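> Before anything else, here's the structure in question.
The values are calculated or read from the model by the stated rules, or taken from the named source; none is laboratory data. Here the structure is a predicted model, which means the values were calculated and not measured. Positions of Cβ are backbone-derived with ideal geometry, glycine not excepted, and every protein chain shown enters the neighbour counts.
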Amino acid sequence: MTYIADFEKALEIGRPPNIRTLFPNSRALIVSGKVIDRAMLAKGGAMTIAANGRNHLIIQGALQAAQRAHAAIIIEIARSEGGANAYCPTNYWNMARQVDALCNQLAITVPVAVHADHYGIKKTTDIPVAAVEIPTIFEAGITSIAIDASHMPDADNLLASIELARQVPVWAGLETEVGEIKGKLGLSTTAEALFIIQGLNAHDIFPDWIALNNGTTHGLEATAQGIQVELTAEIHKALAGYAVSGAQHGTSGNNSDRLRAIAAQTYSTKANVATALQMVSWGLLVNDYGNATLDANGDFIKIPGEGVTEDLWQEMRAYAAGKGWKKGDYKSLNLPFENKIMGQPKAVRERMARRVENFIYTLLVEVFNAADTARFGVDAILEAGSYDIGPKTGRIESPEEWTELKIRERAATLTSDKGPQGNFDD
């Protein structure tokens, strides 16, 4: 059969129940995150972008790039960016609606997952709130989630992950995290990664991805430290029996060669890109690392005729200056300026989306090896005959060995450096 014929069948059976309820007449192939992971595994040595949709035009550009590359893709937002205290206009409750509308508008025919990234749990009192809120984001069209309790000690991380996994539909993509993303400090260890994956497995929880602190950071990367490929490969190899893929956070700030190595030499299938896309959409000059280039005065360099209009950029700069914001705080411009961005002429909006498209297309095709993975995503749905393609593994660990008491005893034997305290949400 042709891809289009298979796409039609996948549309019929591959959209999860929440998506069918929200968008009964849609032709957007919004799928579980599991489908995207399987597509990358089927190709081998491939990972796709988890594009952080801080504004509407980033989402548009990302979907255009995926269609052009015929690649399965993930659109995401983190809790700090798009949760109850959002600083972005895209949030957990409107992201799926934006993705669905754009897929239909642009005739997108590749599988797309809608991912709630970094659903952060920082203390045990956050858990009851999360237990109420997580179902609401799935009701709003989320199809994949990262439960991130890595801010807490290992035992509490695992116990919170076990409890909150009950709120995640069995068909949905699931990511877990061990070790906050804080650069070269607080690096994750094999023992920590095995601890959380084995503990989850004992409770019949089979994450699709694990995120590590493997040497990178979020936001504006000022050093060339970046991802430690060998550490990542070592940990992934130790986890191989549990069939968990890697989620590479903090991808902005790493050059193309390092990212190619992550795709080729580790089991990573998902690469988060956030800050770079924001800067690209605004029309700022970025380097190969995806970091904004600064001029001699330490200011961002706006490319004339690219991104937002020159007048709007000056207004954005003045707003940030009035707030006393540093360069890393410019992410907070997304919420107050979304309507002004969308109120620019169509030609300006289109050039913003096109710049994001070109940037992501290059990543998908020349760096991540994700081209033509849409086919594999559709195949995964057709082979399963359902939107629920099931876990990649079964229970290996004994539940009796992973009670709360034994979890705390095991955690006490772990030796690890969690790194400095601070805000490492996104």
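> Could you identify the single residue in ASP37, ASP6 that is touching a residue at least 40 places away in the same chain (Cβ under 8 Å), in contact with a strand residue (DSSP E or B) (Cβ under 8 Å, 6 or more places away or on another chain) and in a helix (DSSP H, G or I)?
ASP37
> Condition test on THR109, is it in contact with a Phe, Trp or Tyr (Cβ under 6 Å, 6 or more places away or on another chain), over 27 Å from ILE197 (Cβ atoms) and of a type outside the set (A, V, I, L, M)?
yes
> When you look at SER80, is it buried (at least 24 other Cβ atoms within 10 Å of the Cβ), over 25 Å from ALA371 (Cα atoms) and within 18 Å of the chain's Cα centre (by Cα), yes or no?
no
> Among the residues of segment 13-20, is any under 23 Å from GLN278 (Cα atoms), at pLDDT 95 or above and buried (at least 23 other Cβ atoms within 10 Å of the Cβ)?
Checked against the condition, which is being under 23 Å from GLN278 (Cα atoms), at pLDDT 95 or above and buried (at least 23 other Cβ atoms within 10 Å of the Cβ), segment 13-20 yields no hits at all.
> Here's a follow-up. Pick out the one residue from THR232, THR176 that is among the β-branched types (Val, Ile, Thr), outside any loop (DSSP other than H, G, I, E, B), at pLDDT below 95 and crowded, with 21+ Cβ neighbours inside 10 Å.
THR232
> Just one of (1) part of a helix (DSSP H, G or I); (2) of a type in the set (Lys, Arg); (3) over 26 Å from ASN214 (Cα atoms) trips up ARG395, so point out which.
(1)
> Would you mind telling me which numbered condition in (1) surrounded by fewer than 17 Cβ atoms within 10 Å (Cβ to Cβ); (2) closer than 30 Å to ILE205 by Cα; (3) touching a Leu at 6+ places or on another chain (Cβ under 6 Å) ALA370 fails?
(1)
> Can I ask one more? For the condition under 20 Å from the mean Cα position of the chain (by Cα) and of a type in the set (Val, Ile, Thr), what is the one hit in VAL378, VAL367?
VAL367
> Still on this structure: Any idea which residue in segment 264-292 is farthest from ARG54 (Cα to Cα), counting only those that are of a type in the set (S, T, N, Q), outside any helix (DSSP H, G or I) and modelled with pLDDT of 90 or more?
Filtering segment 264-292 for residues that are of a type in the set (S, T, N, Q), outside any helix (DSSP H, G or I) and modelled with pLDDT of 90 or more, the one farthest from ARG54 (Cα to Cα) comes out as THR266.
> Within segment 137-173, can you find the residues that are in a loop (DSSP other than H, G, I, E, B), in contact with a strand residue (DSSP E or B) (Cβ under 8 Å, 6 or more places away or on another chain) and under 18 Å from VAL114 (Cβ atoms)?
Correct list: GLY141, ILE142, THR143, VAL168, ALA172.
> Additional query: Please determine, by comparing only the residues of segment 313-359 that are of a type in the set (Asp, Glu) and under 23 Å from the mean Cα position of the chain (by Cα), which one is farthest from SER80 (Cα to Cα).
Among those that are of a type in the set (Asp, Glu) and under 23 Å from the mean Cα position of the chain (by Cα), it is GLU357.
> Of all residues in segment 297-308, which are farther than 15 Å from LEU333 by Cα and either without any contact (Cβ under 8 Å) to a residue 12 or more places away in the chain or part of a loop (DSSP other than H, G, I, E, B) (or both)?
ASN297, GLY298, ASP299, ILE301, ILE303, PRO304, GLY305, GLU306
> From GLN67, GLN60, which residue is part of a helix (DSSP H, G or I), in contact with a helix residue (DSSP H, G or I) (Cβ under 6 Å, 6 or more places away or on another chain) and closer than 23 Å to LEU363 by Cβ?
Going through GLN67, GLN60 in turn, just one is part of a helix (DSSP H, G or I), in contact with a helix residue (DSSP H, G or I) (Cβ under 6 Å, 6 or more places away or on another chain) and closer than 23 Å to LEU363 by Cβ: GLN60.
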